[in-house]
Each structure stands twice: as structure tokens, then as C-alpha cells.
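The values are calculated or read from the model by the stated rules, or taken from the named source; none is laboratory data. Note that this is a predicted model, so its numbers are computed, not measured. Here Cβ is always computed from backbone atoms with ideal geometry, including for glycine, and neighbour counts include all displayed protein chains. Each accessible area value is taken on the protein alone, full model and side chains, heavy atoms only, with ligands, DNA and RNA left out. Shrake-Rupley method; radii C 1.70, N 1.55, O 1.52, S 1.80 Å.
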Amino acid sequence: MIEVQQLTIKTKEATVVRDASFQLTQGKVLGLVGESGSGKTMTAMALVDLLPEGVTWSGYISYHGKELKTFSKEELRRLRGEQIAIIMQRPMIAFNPVRTIERHFIETIRAHQAVTKRQAKAIAVANLEKMGLPPLQILSQYPFQLSGGMLQRIMMAMTLALEPAYIIADEPTTALDTTNQLTVLKELKAIVEQTNVGMLLVSHDLAVIQYIADEIAVMYNGFIVEQAPLTSLIKSAKHPYTKRLLQAEIGRENSQKIVNNIVQHDSCPYFAACPFAQVSCQSLPPLLEVAPHHQVRCIQIERSKSVCPSSK
Amino acid sequence: MSFLEVKHVAKSYLVGSFMQKKVTFEAVSDVSLSLKTGECLGLVGESGSGKSTLGRMILGVERPSSGCITVDGTELYGTKKIPSTIRREIQVVFQDCYGAVNPRMTAKQIIAEPLRNFQKLTKVEEQAYINELLSMVGLQEEYGEKRPSELSGGQLQRINIARAIALKPRLIILDEPISALDAIIQVEILHLLKQLKEKLHLSYIFISHDLQAVSYLADQIAVMHKGKIIEQVNRVEELTEHQSKKLLQARLPTLF
Amino acid sequence: MKTFRQHSILIFSATVLVLFTAVAIFAPFIAPNDPNYVDLTQKLQPSSKDYPLGTDHLGRCQLSRLLFGARTSLSTAFIVMSITFCISVPIGIFAGYMGGIVDTWFIRICDMLMAFPSFLLSLAFVGMLGPSYGHLILAMVCVQWVFYARFIRGMVLSVKERSFVMAARICGTSPFKIAIKHIVPTILASVIVLLFMDIGGVILSISGLSFLGLGVQPPYAELGMMINDSKPYFRSHPMLMMYPGLIIFLVVISFNVFGESLRQWLQVERRL
């Protein structure tokens, strides 16, 4: 299990993530949903210590009981790739354009496993087949000859080949067509079911997340504002922002105030845009447990329950 | 009487790298369509189906290999340069909201550019009109002073829309205008586009791979596949072709 | 703004350059003596109160000649760069934006001129035209403009494809306005950095040509020429050669460091 407690991430200019706490268990998918700038990608990157230069994190992250801060550089390197694999947002640029797919595969596999080139190729073939791709054709191609959807599935095949215990998927379907989106999500779902891998799925699109997540954490302006199991969140969301995400449907007029995200450290992160904001909302609300495993960061819960129209 | 007529338009490229035999690639083959004022045509298809190429040809930035496009009876590509009377009637909103603006200009300057090309307004008149455009797209006056790096994707796309409507055009080509935005913002922008269409009697050609978004705005839907229009219907429910059904099925089933 | 260290290098090299420029501008007021005044009775004197760095083989004050020499080098380089800038920017933008046959011919001409090593080419020019100050400038400009025009054309090609340029075309902006309002501001930072980084090379070329006698003509002081003049006295009076060499070295290195830190600060790509 990967445990994260009170994770705070600071850049030189601002605090982009504050007090995030969650767990990743094997066999389960945690979905992290939020707008651009909410801090979700930084949170995901912090788990493998891959934050950009100048960005620091504090808090507690442990991998199977061992704290991440105590890992040596070499242990961290092996952690990434062998234990925790990352699927990136834009598959088109994640590949070296002058290398064939076969070369990519073999290099990746041999960087983490002591196998011969032939064995590596066999692993590659097996994993490509699992993704429903014709292995021999694909291996001889260059990245520019393949579409985004195929590249994303190849990247997933590569991460699978390393048999990681956890997968972090950062907006894996955002750059793809709707037709490819569905295929990729179905593959991700199949991966979790077949290999018992633990997954952190990051996206701005709640529809994408609810398709495969078991538990969802909603982030806004650097804070986790609501966290609950799937059905709990969908059927009985409590935070005004979550409700807004659920209600956002084409055709339903719902205008929100346009605001520039400013992280006020000691007020509710949603204060500027919330239709129910009160004076009392200017102090930072704590995460309250409103139901088993269902936590919300809002002091207006009682009020919003009665005033805000429910989602269904 | 349609104001936009596209007749048997085709576009092909020669592809093949150095030392390879050059092959002709037909991005668009034999496409015909027409559009009336105030109508929205949804152009859907997978990537590579030719919809963006078709959009560029109608915009006037890419000359078709064959066929002709007329606006109010005048040929778009009749002369070497597009006549300025037609130029101001067809505008665009691109997918990449940051790439579509000069990062050094303020929002006000971005919106003012088309105005300064076609009209001679005094500073006061220009400022007033820009404020009007900003409020039409849902932004307060102070957003005019901001630069693209200070704006979010949704806000910047509103600026792009304000620039597109500044000259009061008849037709706006929307090339995947919401695909690069967050899900929740996509919905807001779609609503805005619908509002503006009704208020200003705009015609749209809405290019997208997202059938759900398209069907919200479109009066007609044309499905493209491998450079051809395989089907053209008035409502999503009427789609019968296999390829069209594939696009329909791509919608994520949601619990909410 | 990057790290403080990089920032401080930028400030330091900028200060050195400002100092050099100030010295060059105010040379007439700072120099203790007339740099061209020949007094054979004073030849090859060591440093003294009247002649702080001694005299050369013609009795001229070394310090004054150094100051005026730096002034000549810097001002000549500045003139060459300015004229090059004024020629290569419009040509590069025109070729890049027009494309087609104009661009193809431009590249052919560039290829022809760039096939020669630049120093030899300017040497050949001056040799043909005859040594004089004007010809020196002409030769250097004729050789330099090609590189910059080519570089600018390359940048224009990449900027041309960006969506905002197409958007400007679609909202009716004329090609001329696009060049001025969109293309030039986008590439200006890169061009300025390039000029700064190359000015050191230009100073070296000027010094080199003057060393060969094909650049600045006597009696004007020029650092390269001073090195040449002091060749026969190298054994007995090495400082006569060292001083001008050192000044060239310092000036060129300051420009290079300043150009590089400016490039880093503005985050401009390195030219390959």
C-alpha cells in the first residue's frame, strides 16, 4: 500500500498542494479529479519524487511501510519503473522519434530486468498482445507512423511488461479522440482486474474517472475537497464543487463566476467561486467524515444539502 | 439560398520522404455541402478523416486541389488574394487557445487587431466596443488588460471567441474549440457558443471528434471518414453508417 | 529569472562592458597624452609619471593608444553590427515570410557565400578593394549579413507556422503588419542575443585584419595593429604586445559571457 499523509507541495511562488492524504491499495483504482491548476499532477509526481526543479514537498509518503524520504537514489530509481509505473499524458512526445518501438521496449525492459534481448522481445510480444495490438507489425514501426491511441496502448504495454505493483496514469486519455479514449480506458480497467495492480488515475474529466475508479478524490485549488467511494460520491456528493462537476452536462445552463485561482492559505479554497460562500467560509475548513470513508472539506454541508438542488 | 456553397472540393498532397517514391495522399475527396445563415454544421470524424483540412479550405488558408467554394455567389479562390469583403465574413476559433494568440499582446490588443484591419474607430469607440465584446463572452472589463499567460484556458478561449465575433462575421469555423479545455469548462464554452449563435445570427462549422458536443449545437451533422462525407443527417439519432455508429458508441457511459 | 548565480554573472559582465564602453567613449578625456604624437626621443620608455604604461617604438604613449585602440575596435564593431542588423533583418524576414522562389534563391546565395571561411572572405574583399577603413567595414558587413539573414529566416519559418500568425492572417492583417507586429517581436530577443554573442568574433576579425595591415590604417590606434607593430620588440619589450592582447581578450570574453548569460536569462535557444 502507498500511504500519503498531509502532503504539501510548494513551488517558489506558491503552495500548490496542501494537506493531501490518501491511500493506494493494490487491486483498487483511486481517481484524482480536478481542473488544470488544482495540483493533481503535482500530487501524482510527488509519489515517485519526480517533481520539477525548485519544487519541494513535505509530509509523509510511505511505500509498503517504508518512508519515501529514506530511499536512496538507486532505490528510488528502481522504485520508479519496477514498482511504480507512470503513464504520461501525451504519448506522441513520450517516445524517441528515431527509435523503433522494438528498441524502446527492449531498452526499457532490460533497464529493470536482467534478461537477454531475445527474452525482452518475447515479453514485449506477450504484452502487446494483451493490449490487443499486432505485435510483430508494431515492433518494427517508428512512433511517427502510429496514432495517438496506439502509442498510448503501447506505452501501457511497456508499463505492464515491467509488472509494476502500482500505476500512475496522468490524464492518459486527454490527448486522444473519443473513440480511442474508450478503448484505452477499457484496457486500463482490464489491467487492474487481471494483474491486481494499484492505480492512481488523474484527470480533469469526471466521466473518465468514474468509468474505472473505485474511490474518487476531488481536488480544487490545491486541496482535496471531497473524497469518497465511487457510488457514495456520485449519489450523495456533499461539496458544492463536486456537485457542480456532476451537474455539468451539455445543455444544462449553469453559469459559474469566472475567477482567477488564487490560493488563499487560510480560507476555503473554493471561497471565490462558491455560490454558497459565507463570511464564515473565510477560515479553512477541516476534512470532516460525513459517512464511512466519505470525507468533505466544507462547513456549509448542512446548509448546502437543503439549498443546492441534488444531482439526480 | 445558402450563402456558403462547397462543390466537389478535393485536396491531395504528395507525400514521401527523400529518396522514396512520392505517393498522392487524398486528404479530402469530392466533398460538397452548403450552409445557410444562422445554421450550424457539425463536422465529425476521427483524426485523419480530413475535417480540419476541409475547415482550412473553407477558411481560405488552403487552396483546394479541385472544386470550388463560393460565399454569396463569389468564389473564394477566384483571385490570388481573398477579397476583403469575404475575409471579414469568415473567422475562426482554434483548438489551441494559447497558440492562437500572440503571447506579448494583452487581451484588448488581441481583440482589437481585426477591428484595426477593417475599421477606423476612435480610441474611445474602440474601447467601448471591446468592453461590449468582453461582456458578451462573459468576462469583466479588467480582463482586457491581462496577457495570455495570466489567463486560464477557458478565459483565453473566450478572448479568442471575442476576437472572432469582433467583425460581426457571418460564419465562424470552430476547429475543435473545446477539446483542449477541462471538462467542466467545455460545457460553459459550448453554452456560450450557442448563446452567441442565437444572438448574432452566426453560422458555425463545428469541427470535432466529440459527437455529443456537436449534436448540442448543430442543425446538421456531416460525418467524415477518410476524406469523404459518408453521411449527412439532421439529428444524431438518424445516423446509420457503421463509422458514424462507432463515433456514437465512443461516448463514455456515465453513472450520472 | 534563473538562479542568483546566473543573474550575478549577467550583472557582472554587463558592468564590465559598460566600463569598457565608457572608457571607449571618454577616451579623449581620460587619455593622458595624444595617442598619435610621435616623439622619437621617448621611444621604448618604461612606465613613468608622464607615460603610465610607457611608450612604443615611435615614442607614442602606450596607455593612450590602448584607450583609443579599444575605442576604435569597439566603435568599428558596433558600426559593422548595426549595418549588418539593418540589412539582414529585413532580408531574412522577407525571404522567410515570402517563401517560394524568393526563399529558394536566397538560400542559394547564402550557401555560396557561407561556403567560404568568413575571415578569408573578408580578407579577400579588403585585398581586392584596397586597405582602408571604409573597405574594412564594407568587407565585414558583406560577409556577416549572410549568417544573420539565414538565421533570421529560419526563425521566421518556424514562427510563420504558429497558430497566432494564421489567426492574424484570417482576421485580415496584411503581411507587412504581421511581420512588424507578430514576427519581429517574437524573434527580436534571439536576434539581439545573437548579435551580442558574435560581436566578440567581429572584434577579433577586425583585430586580425588590422594585424595583417588590411584593417584600420595608421596613424589611428587599433589593438590588432598594435600587436603587429610590437612584433619586432617582443623579446625586449613584451608588454607592448601583451597589453593590447589582454584588452582584446578581456573585451571579447566579456561580450561572450554577457551574450551567454543574456541568452540564458531570456531563455533563447542556442544557435547550432
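Cross-link reach is defined here as a Cα-Cα straight distance under 23 Å, omitting same-chain residues fewer than 8 places apart; for C:Lys43 the lysines meeting it are C:Lys231.
Answer rounded, prolate or oblate for the protein assembly as shown, using the Cα gyration tensor with square roots of eigenvalues a ≥ b ≥ c: rounded when a/c is under 1.5, else prolate when a/b is larger than b/c, else oblate. Here the protein assembly as shown falls in the prolate category. The alpha-carbon of B:Lys226 sits under 21 angstrom from the alpha-carbons of these lysines, leaving out residues fewer than 8 places away in its chain: B:Lys7, B:Lys11, B:Lys22, B:Lys51, B:Lys245, B:Lys246.
When the Cα positions of C:Ile11, A:Leu176, C:Gly245 are compared along the charge dipole of the protein assembly as shown, C:Gly245 comes out farthest toward the positive end, with charges on each C-beta of Lys, Arg, Asp and Glu.
Label 7 Å along Cα→Cβ of A:Ser21; segment A:192-229 residues with amide nitrogen under 19 Å? Of the residues in segment A:192-229, A:215-220, A:222-229 have backbone N under 19 Å from the label point off A:Ser21. For segment B:114-221, applying the loop criterion from DSSP together with a ceiling of 12 other beta carbons within 10 Å to the trypsin sites (Lys or Arg not before Pro) yields B:Lys120. Of A:Asn96, A:Ala124, C:Tyr148, which is farthest towards the positive pole of the protein assembly as shown's charge dipole, taken about the Cα centre with +1 and -1 on the beta-carbons of Lys, Arg and Asp, Glu respectively? The one lying farthest along the dipole's positive direction is C:Tyr148. Would you list, by chain and number, the aspartates and glutamates whose Cα falls below 13 Å from the Cα of A:Lys121, excluding same-chain residues fewer than 8 positions away? Within the straight-line limit of under 13 Å, A:Lys121 reaches these aspartates and glutamates: A:Glu102, A:Glu107, A:Glu129.
Round to a whole number: what % of the accessible area of chain B belongs to carbon and sulfur, probe 1.4 Å? Show your work: numbers first, answer last.
Details: 5740 of 11400 Å².
About 50 percent, which is the carbon plus sulfur part of the accessible surface.
Couplings 3J(HN,Hα) of segment C:167-179, computed from phi: 4, 5, 4, 5, 8, x, 6, 6, x, 5, 5, 4, 4 Hz, in residue order, whole Hz [Karplus 6.51 cos²θ - 1.76 cosθ + 1.60, θ = phi - 60°; x for Gly and Pro]. The value of relative contact order for chain B, using C-alpha pairs under 8 Å at least six residues apart, is 27 percent.
Counted over the protein assembly as shown, the DSSP beta bridges are approximately 55% antiparallel.
The mean number of Cβ atoms from other chains found within 10 Å of a Cβ in peptide B:90-97 is 3, as a whole number.
When GluC sites (Glu not before Pro) are flagged only if DSSP places them in a loop and at most 10 other Cβ atoms lie within 10 Å, the longest unflagged stretch of chain A comes out as A:54-252. A simple charge model with +1 on the Cβ of Lys and Arg, -1 on the Cβ of Asp and Glu and nothing else charged puts the dipole of segment C:2-271 at about 720 debye relative to its Cα centre. Taking 7 Å steps out from each Cα toward its Cβ at C:Lys231 and A:Arg110 produces label points 5.8 nm apart. Of interest is the spacing of the C-alpha centroids, which for segment B:1-38 and segment B:137-196 amounts to 28 Å.
Using the Karplus relation 6.51 cos²θ - 1.76 cosθ + 1.60 with θ = phi - 60°, the per-residue 3J(HN,Hα) values for segment C:43-52 come to 5, 6, 7, x, 5, 8, 5, 6, 10, x Hz, with x marking Gly and Pro.
Which longest uninterrupted range of chain C lacks any chymotrypsin sites (Phe, Trp or Tyr not before Pro) assigned by DSSP to a loop state (not H, G, I, E or B) and surrounded by at most 15 other Cβ atoms within 10 Å? Can you show the working numbers first?
Working: sites that count: C:Tyr37, C:Phe234.
That would be C:38-233.
In a simple Cβ point-charge model (Lys, Arg +1; Asp, Glu -1; nothing else charged), segment C:117-184 has a dipole of about 360 debye relative to its Cα centre. Taking a ≥ b ≥ c as the square roots of the Cα gyration tensor eigenvalues, with a/c under 1.5 meaning rounded and otherwise prolate when a/b beats b/c, else oblate, which class fits segment B:45-145? Taking the square roots of the gyration eigenvalues as a ≥ b ≥ c, segment B:45-145 is oblate.
Peptide C:157-168: average number of partner chain Cβ atoms within 10 Å per residue? Don't skip to the end; give the middle numbers.
Details: counts 0, 0, 0, 0, 0, 4, 11, 13, 3, 7, 14, 7.
Taking all residues of C:157-168 together, the mean is 5.
The GNM of chain C, with springs linking C-alpha atoms under 10 angstrom apart, assigns the highest mean-square fluctuation among C:Ile25, C:Ile192, C:Ile170 to C:Ile170. The distance linking segment B:203-256 with segment C:163-230 is 54 Å (Cα centroid to Cα centroid, whole angstrom). Applying both filters, DSSP loop and at most 11 other Cβ atoms within 10 Å, to the GluC sites (Glu not before Pro) of segment B:4-40 eliminates every site.
Taken as Cα centroids, segment C:49-80 and segment A:132-196 sit 70 Å apart, rounded to the nearest whole angstrom. Given R0 = 51 Å, the distance between the Cβ atoms of C:Ile11 and B:Tyr129 translates into a calculated FRET efficiency of 0.65.
Averaged over the residues of peptide A:170-179, the number of Cβ atoms from other protein chains lying within 10 Å of each residue's Cβ is 5.
Computed from phi, the 3J(HN,Hα) profile of segment C:241-251 under the Karplus parametrisation 6.51, -1.76, 1.60 (θ = phi - 60°) reads 8, 5, 4, x, x, 5, 5, 4, 4, 5, 5 Hz, with x in place of Gly and Pro. Remark: chain B projects, on average over all directions, an area of 16.2 nm² (convex hull of Cα atoms). Mean-square fluctuations from a GNM of chain A, with a 10 angstrom spring cutoff on Cα atoms, peak among A:His204, A:His294, A:His112 at A:His112.
For the chain pair B and C, the buried solvent-accessible surface (1.4 Å probe, both sides summed) amounts to about 1600 Å².
Within the set B:Lys81/B:Lys146; B:Lys120/C:Lys181; B:Lys197/C:Lys181; A:Lys73/A:Lys189; A:Lys10/A:Lys186, which residue pairs have Cα atoms separated by over 26 Å? Let's see the in-between values first.
Details: B:Lys81/B:Lys146 34 Å; B:Lys120/C:Lys181 18 Å; B:Lys197/C:Lys181 31 Å; A:Lys73/A:Lys189 32 Å; A:Lys10/A:Lys186 35 Å.
Distance filter (> 26 Å) returns B:Lys81/B:Lys146; B:Lys197/C:Lys181; A:Lys73/A:Lys189; A:Lys10/A:Lys186.
Computed on segment C:2-271, with alpha-carbon pairs under 8 angstrom and 6+ residues apart, the relative contact order is 24 percent. Taken across both chains, chains A and B shield about 2900 Å² of accessible surface from a 1.4 Å probe. Each residue, C:Ile192 and C:Ala124, gets one label point 7 Å from its Cα in the Cβ direction; the gap between the two is 3.6 nm.
As I understand it, the dipole of segment C:2-271 uses +1 on the Cβ of Lys and Arg and -1 on the Cβ of Asp and Glu, about the Cα centre. Which of C:Ile101, C:Leu195, C:Ala27 lies farthest toward its positive end? It is C:Ile101, whose Cα lies furthest towards the positive end. Looking at the protein assembly as shown, the accessible area is 46 square angstrom per residue; that uses a 1.4 Å probe and ignores ligands, DNA and RNA.
Checking every one of the chymotrypsin sites (Phe, Trp or Tyr not before Pro) in segment A:1-99 against DSSP loop status and a limit of 16 other Cβ atoms within 10 Å picks out A:Phe71. Take the Cβ atoms of C:Asp39 and C:Leu246, set R0 to 25 Å, and the FRET efficiency comes out at 0.50.
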